[in-house]
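Asks: Sharing a structure with you now.
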Amino acid sequence: MVKQADLKTDRFYKAAKEEGYRSRSAFKLLQISKKFKQIKAGDAVVDLGAAPGGWSQVAHELVGDRGVVISVDLQTIEKIEDVVVLTNDITNEEETIKAIKDALVSKGRDTADVVISDAAPQMSGNKDLDQFRSFELSTAALTIAVKLLKNNGNFVTKIFQGEYYPQFYRGVKEKFQITKAYAPEASRKRSAEVYVVGKGCKG
Ligand SMILES: C[S@@+](CC[C@H](N)C(=O)[O-])C[C@H]1O[C@@H](n2cnc3c(N)ncnc32)[C@H](O)[C@@H]1O
């Protein structure tokens, strides 16, 4: 849990306020994208675990007017201009895939170019349980990505490092031509989170 006092001195929190991003996490996606260039203009991007919407704002900037962004969360996401928002549980994979496919079709697309996920469980304070729940969410994100991505599409997901992390990393490696792990500067130093990037979906 991040204390209010820590937020006041957090430069990414301040920058997010100044630049109109809904979350400091927006800078994590900016830093991941600067390094891996996984999102480009015109792309159709699916953002899983998207509330309050910082990543979706960044994705929308990166894809531009010709692109499409579809954002999914358990919680209601306040409207973002030109972004389709869906309220779904990503662990209910079949239903979520159907809802996203319908949204893609409504925007004239039949596949996604990029799937990104910053989904995180409600923290219980029990490290093992939180790692397991993070693994479950990342696994759901991978399943959804493989079903929606075009051949050669890209994937980014958060996962908490721990017992299940090597298994998850191997799973991404099986499905993508290039797999990397990255901790952006905007991730808090004490955080166990890491982002796994898969480039070039094998289809
Ligand atoms: C760290 S926040 C995402 C922040 C977001 N990337 C941003 O920049 O605003 C994690 C999100 O994952 C969502 N989440 C957790 N479990 C989920 C699930 N089963 N299905 C959909 N969303 C989920 C939470 O509701 C929460 O909004």
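Asks: Which of the residues spanning the stretch 78-88 are within 11 Å of the ligand (Cβ to nearest atom) and either part of a strand (DSSP E or B) or closer than 15 Å to Ile116 by Cα (or both)? Steps first, answer last, please.
Replies: Filtering the stretch 78-88 for residues within 11 Å of the ligand (Cβ to nearest atom) gives 78, 80, 86-88.
Result: Leu86, Thr87.
Asks: For the stretch 35-49, what are the residues that are within 16 Å of the ligand (Cβ to nearest atom) and of a type outside the set (Asp, Glu)?
Replies: Gln38, Ile39, Val45, Val46, Leu48, Gly49, listed by residue number.
Asks: Kindly provide the set of residues from the stretch 166-187 that are of a type in the set (Lys, Arg) and loosely packed, with under 13 Cβ neighbours inside 10 Å, ordered by number. Break it down into steps so the answer makes sense when it comes.
Replies: Let us first name the residues in the stretch 166-187 that are of a type in the set (Lys, Arg), namely 170, 173, 175, 180.
Result: Arg170, single match.
Asks: Given the conditions (1) part of a helix (DSSP H, G or I); (2) surrounded by fewer than 22 Cβ atoms within 10 Å (Cβ to Cβ); (3) not aromatic (Phe, Trp, Tyr), which single one is not true for Lys28?
Replies: Checking Lys28 against (1) part of a helix (DSSP H, G or I); (2) surrounded by fewer than 22 Cβ atoms within 10 Å (Cβ to Cβ); (3) not aromatic (Phe, Trp, Tyr), the one that fails is (2).
Asks: Applying the selection to the stretch 140-165, what residues are in a helix (DSSP H, G or I), of a type in the set (Val, Ile, Thr), surrounded by 20 or more Cβ atoms within 10 Å (Cβ to Cβ) and within 16 Å of the ligand (Cβ to nearest atom)? If you could, list the steps in order and put the result at the bottom.
Replies: Kept after step one, since they are in a helix (DSSP H, G or I), are these residues of the stretch 140-165: 140-148, 165.
Next, from what is left, pick out any that are of a type in the set (Val, Ile, Thr): 143-144, 146.
Right, trim to surrounded by 20 or more Cβ atoms within 10 Å (Cβ to Cβ) and you get 144, 146.
Across the stretch 140-165, the qualifying residue is only Ile144.
Readers should treat all values here as calculations from the given coordinates under stated rules, not as data from a laboratory. No experiment lies behind these values; they were computed from the predicted model shown. A quick note on method: Cβ atoms are made from the backbone with ideal geometry, for glycine too, and the neighbour counts reach across all protein chains shown.
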